[in-house]
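Read through the structure below, which is laid out as structure tokens, and then see the notes.
The values are calculated or read from the model by the stated rules, or taken from the named source; none is laboratory data. None of the values given here were measured: they were computed from a predicted structure. Please note: Cβ atoms are built from the backbone with ideal geometry, for glycine as well, and neighbour counts cover all protein chains shown.
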Amino acid sequence: MHHRFRPLMTAATIALVAASPAIAEGTIDVAIIGEPDTFDPMISTKDVVSIVTQHFVETLYTFDESWSVVPLLAAAMPQISDDGLTYVIPLREGVTFHDGSSMDSADVLASMTRWVEVASRGKAIADKVESIEATGDYEITISLNAPYAPLMSLLAFSNSAAVVYPEEIIGDEIAEVVGTGPYKLEAHEPDQYTQLVRFDGYTQPTGAAERTQTPDEIRFVPVPDPNTRVEGLLSGQFDYADGLQTEAYDRIEASDAAEPVLLEPFGWPVFAVNHKKGKMTELKFRQAVQAALPFDDMLFAAFGDEKFFQTDGAMYPEGWAWNTEAGTELYNQNDQAKASALLDEIGYDGDPLRILTSRQYEFHYQMAEVARMALEAAGFTVEMDVVDWATLAQNRDNPDLWDIYITHSPFLPEPALTSSYFSTAREGWDNPEKNEILDRFTSVADPEARKEVFAELQEIVLKDVGLIKVGNFNALQGKAAGLEGVVPSPWPAFWNAASAE
């Protein structure tokens, strides 16, 4: 049976997790791929941060299971003016922060103001925000200078999230995060565990999926080695494990202790391109990299079986509203001779192409190794910088340190949630033609018109090599046999988790 979705452990960590039988004590133990480097999701786009922090900090809106936006800390959907420039958002009354204070519009105002100043997704729309005002004790009004169709999706997203904090703790950095969520942060031992306990002062949202606070306690255990995550799941140490290698699927499926959770399709691996500094700022150099890469071989090396991947250049797979073939003739060329000719044309001197990757997502590294061989065959000198995920997340913010870094993204319900399209993102893709297309895409409200503009955006992604999509892949997670209440997701949540036994 499986479920579909449309640093090594220390001895102390293993002892901690093994000390309490799975589920029996009202505790859910979750193996995640690494240590969250912050509990402030405004300043992070890392999935491992979103997975943990969504339990104790909340946004005005959230997504339901069908990716529709629904209220969370807001009392209702906003009143939007006819010209699409004004959003009046009513706030829920009686919401309590973990420090015992009550949420009102002053807290939301301070939080939203910080979001457009420090969050990558907030900064991407800062030039469109005319003002954010508290227009009542429980009302906030966002005024734009141009219509922005993806705003509600941005406010609902748990990644670079527009979360609400008490006004008193707002600053450039937040040392101790205080939220409104169903669980609160009880303890954090770096590289060992993050312990969350039920927040007894929690008030259920209206209209959104219920957050029943079923477990007494949720513990997130960073387990960077994927094999250790699998073994811990199969031995009963973990009730849930994220980011598993696809070759473990059959073992988990055959186990009496665990069940595979296959997210299909999950998302897309990406070679993120440095447009700020270095050799990738040269278009023909980017085109040479694009021409050389053998995406079939890279995906097969990463996932091993075609049931886990699709060689597909479209930014969204078939069946999604955003699916288009625009520009995909440039995908999967696997033409090292063409790449070599482009390098000769620009007089490439053999200066190393630096690829930044990690083995905590093993498929990233496996793709990089195949890419390296093809690039070297085309005449590139390749330098692999293999680091842990926390170091990669730090180094990718410094454009002096890399030419390509490897990451992945789930397929997101709104393309504008993909920060790499924006010139404000760390990659710095600031192509004027792309910027104009992106502005049109985000300002048009009509869904059919937006699809047509997105086709233009996808085409320039491929022609200008704004980023390099490798393909589509299905992701594997695993859960203890009998565990219920966890909706398969790129960001699984555990507030409804319970054993059926």
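Quick one: is residue 219 among the basic types (Lys, Arg), within 22 Å of the chain's Cα centre (by Cα) and either outside the structural domain of residue 415 (by TED's automatic domain parsing) or crowded, with 19+ Cβ neighbours inside 10 Å (or both)? Explain how you work it out, then say what you get.
Numbers: among the basic types (Lys, Arg): yes; within 22 Å of the chain's Cα centre (by Cα): yes; either outside the structural domain of residue 415 (by TED's automatic domain parsing) or crowded, with 19+ Cβ neighbours inside 10 Å (or both): yes.
In short, yes.
Can you tell me which residue in the range 79-127 is farthest from the chain's Cα centre (by Cα), limited to those that are within 24 Å of residue 38 (Cα to Cα) and of a type in the set (Phe, Trp, Tyr)?
Among them, the one singled out is 97.
Taking the range 195-223 only, how many residues are under 12 Å from residue 494 (Cβ atoms) and assigned to a strand (DSSP E or B)? Spell out how you get there, then give the answer.
Within the range 195-223, the subset under 12 Å from residue 494 (Cβ atoms) is 196, 198, 211-220.
In the following step, the residues that additionally are assigned to a strand (DSSP E or B) were identified as 196, 198, 217-220.
Qualifying residue count, the range 195-223: 6.
Quick check on my filter: what residues within the range 119-133 are in contact with a helix residue (DSSP H, G or I) (Cβ under 8 Å, 6 or more places away or on another chain) and either closer than 21 Å to residue 74 by Cα or among the small types (Gly, Ala, Ser) (or both)?
Within the range 119-133, 119, 120, 121, 122, 124, 125, 126, 129, 132, 133 qualify.
Out of all the residues in the range 249-288, which are of a type in the set (A, V, I, L, M) and modelled with pLDDT under 95?
Narrowing the range 249-288 to residues of a type in the set (A, V, I, L, M): 252, 254, 257-258, 261-263, 270, 272-273, 280, 283, 288.
The answer is 262, 263.
Got at least one residue in the range 394-408 being farther than 18 Å from residue 467 by Cα and buried (at least 17 other Cβ atoms within 10 Å of the Cβ)?
No, the range 394-408 has no match at all.
Any residue at all in the range 157-179 that's among the aliphatic types (A, V, I, L, M), touching a Pro at 6+ places or on another chain (Cβ under 9 Å), surrounded by 23 or more Cβ atoms within 10 Å (Cβ to Cβ) and outside the structural domain of residue 412 (by TED's automatic domain parsing)?
For the range 157-179, residues among the aliphatic types (A, V, I, L, M), touching a Pro at 6+ places or on another chain (Cβ under 9 Å), surrounded by 23 or more Cβ atoms within 10 Å (Cβ to Cβ) and outside the structural domain of residue 412 (by TED's automatic domain parsing): present.
Can you tell me which condition residue 186 does not meet? The list is (1) in a strand (DSSP E or B); (2) under 22 Å from residue 91 (Cα atoms), and all the others hold.
That leaves (2) as the condition not met.
Within the range 60-85, can you find the residues that are over 26 Å from residue 169 (Cβ atoms), in contact with an Asp or Glu (Cβ under 9 Å, 6 or more places away or on another chain) and either modelled with pLDDT of 95 or more or not β-branched (Val, Ile, Thr) (or both)?
The answer is 67, 85.
Do we have any residue at all in the range 426-436 that's of a type in the set (S, T, N, Q) and modelled with pLDDT of 95 or more? Step through it out loud before you land on a result.
Within the range 426-436, the subset of a type in the set (S, T, N, Q) is 431, 435.
Keeping just the survivors that are modelled with pLDDT of 95 or more gives 431, 435.
Among the residues of the range 426-436, at least one is of a type in the set (S, T, N, Q) and modelled with pLDDT of 95 or more, which makes the answer yes.
Determine which single condition residue 94 fails, assuming it passes every other condition in (1) small (Gly, Ala, Ser); (2) part of a loop (DSSP other than H, G, I, E, B); (3) touching a Phe, Trp or Tyr at 6+ places or on another chain (Cβ under 6 Å).
(3)
Can you give me the number of residues within the range 40-55 that are under 14 Å from residue 491 (Cβ atoms) and either at pLDDT 95 or above or assigned to a helix (DSSP H, G or I) (or both)? If you could, list the steps in order and put the result at the bottom.
Within the range 40-55, the subset under 14 Å from residue 491 (Cβ atoms) is 41, 44-55.
Those still in the list that are either at pLDDT 95 or above or assigned to a helix (DSSP H, G or I) (or both) too: 41, 47-55.
Here the count works out to 10.
If you take the residues of the range 448-485 that are part of a loop (DSSP other than H, G, I, E, B) and modelled with pLDDT under 95, which of them is nearest to residue 425 (Cα to Cα)? Walk me through it before giving the result.
At the first step, the residues of the range 448-485 found to be part of a loop (DSSP other than H, G, I, E, B) are 464-467, 470-471, 481-482, 485.
Next, only the ones that are modelled with pLDDT under 95 stay: 482, 485.
Numbers: 482: 42, 485: 35 Å.
Step by step, filter the range 448-485, then rank; the result is 485.
Results for (1) more than 17 Å from residue 73 (Cα to Cα); (2) in a strand (DSSP E or B), shown as yes or no for each residue.
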{"position": "109", "(1), (2)": "no, no"}
{"position": "117", "(1), (2)": "yes, no"}
{"position": "142", "(1), (2)": "no, yes"}
{"position": "175", "(1), (2)": "yes, no"}
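Within the range 164-177, can you find the residues that are in contact with a helix residue (DSSP H, G or I) (Cβ under 6 Å, 6 or more places away or on another chain) and either of a type in the set (Val, Ile, Thr) or over 16 Å from residue 95 (Cβ atoms) (or both)? Don't jump to the end; show me each part of the working.
At the first step, the residues of the range 164-177 found to be in contact with a helix residue (DSSP H, G or I) (Cβ under 6 Å, 6 or more places away or on another chain) are 164-167, 170.
Correct list: 164, 170.
Identify the single condition in (1) out of contact with any Leu (no Cβ under 9 Å at 6 or more places or on another chain); (2) within 27 Å of residue 236 (Cα to Cα) that residue 475 does not satisfy, given that it satisfies every other one.
Of the numbered conditions (1) out of contact with any Leu (no Cβ under 9 Å at 6 or more places or on another chain); (2) within 27 Å of residue 236 (Cα to Cα), the odd one out for residue 475 is (1).
Residues of the range 372-400 being among the aliphatic types (A, V, I, L, M) and either assigned to a helix (DSSP H, G or I) or in contact with a strand residue (DSSP E or B) (Cβ under 7 Å, 6 or more places away or on another chain) (or both), which ones? Please lay out each step first, then the result.
Let us first name the residues in the range 372-400 that are among the aliphatic types (A, V, I, L, M), namely 373-375, 377-378, 382, 384, 386-387, 390, 392-393.
Answer for the range 372-400, where residues must be among the aliphatic types (A, V, I, L, M) and either assigned to a helix (DSSP H, G or I) or in contact with a strand residue (DSSP E or B) (Cβ under 7 Å, 6 or more places away or on another chain) (or both): 373, 374, 375, 377, 382, 384, 386, 387, 390, 392, 393.
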